[in-house]
Amino acid sequence: DTNAAVDILLELLLERGISAVRVGNPAKIRVDLRWASLEGRAEASSRGQQAATLRVQSEELRAEAEAGKTARPPMDGREVGALYAQSREKWKLADTLMEQALTNALEGSHVVMCTCSGAASALLEPYRYRVVLIDEATQATEPST
């Protein structure tokens, strides 16, 4: 497994009480460490939970609008449009809350862990780090974007 080293380091840091977050594809993170992934930490936060609730509400509004179009008699077009607009607003607010949760998870960690590919994450672009440790860097044969 090409991600084993970073997951082992993450586990060791967490065992020692060091706040660390793992950036990368959650499917490639060891199952028992996914809670420490950027997404796992963000989703577990209060903002992440609010975002999840808003997404459910958004989907419910969208489903109600879809059902209203095919109902007999059909729902008024303005009412359907209003439901879609409410759905979009809730989804947009959920996006904002999740972005804040991701940022908080990154900024609240002393160590950010990722593979070479994970280091290309757009989420990391605004940050600068004093030290970067790259495991097996010589195996990176071409830039990852």
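The values are calculated or read from the model by the stated rules, or taken from the named source; none is laboratory data. Predicted model, so just to flag it, every value in this text is computed and none were measured. We place every Cβ from the backbone using ideal geometry, glycine too, and count neighbours over all the protein chains shown. The accessibility values were calculated without ligands, DNA or RNA, using every heavy atom of the protein model including side chains. Shrake-Rupley method; radii C 1.70, N 1.55, O 1.52, S 1.80 Å.
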(message) Amide H of Arg22 versus every other amide H placed in the peptide plane: which residues, excluding those fewer than 5 positions away on the same chain, fall under 5 Å?
(response) Ser37, Leu38, Met113
(request) Mind checking which of Val112, Ile18, Leu102 is farthest towards the positive end of the range 1-139's charge dipole, using Cβ charges of +1 (Lys, Arg) and -1 (Asp, Glu) about the Cα centre? (result) Leu102
(request) Quick one: pull the percent of accessible area on the range 1-139 belonging to carbon and sulfur, 1.4 Å probe, ligands and nucleic acids left out. (result) 55 percent
(message) Within 10 Å, at most 11 other Cβ atoms, and a DSSP state outside H, G, I, E, B define an exposed site. Report the longest part of the chain free of exposed trypsin sites (Lys or Arg not before Pro).
(response) 17-127
(request) Name all residues of the range 21-50 having a backbone nitrogen under 16 Å from the label point set 7 Å from the Cα of Val132 along its Cα→Cβ direction, giving them as ranges. (result) 23-24
(request) In nm, give the distance between the simple-model label positions of Leu9 and Ala122, each being 7 Å from the Cα along the Cα-to-Cβ direction. (result) 2.6 nm
(request) Read phi for every residue in the range 58-63 and hand back ³J(HN,Hα) as whole Hz from Karplus 6.51 cos²θ - 1.76 cosθ + 1.60, θ = phi - 60°, with x for Gly and Pro. (result) 4, 5, 5, 5, 5, 5
(message) If you average the alpha carbon positions of the range 78-121 and of the range 28-46, how far apart do those two centres end up, in angstrom?
(response) 14 Å
(message) Leaving out ligands and nucleic acids, and using a 1.4 Å probe, what accessible area per residue does the range 1-139 come to in Å²?
(response) 65 Å²
(request) Would you kindly find the accessible area of Thr70, with a 1.4 Å probe and non-protein molecules such as ligands, DNA and RNA excluded, rounding to the nearest 10 Å²? (result) 100 Å²
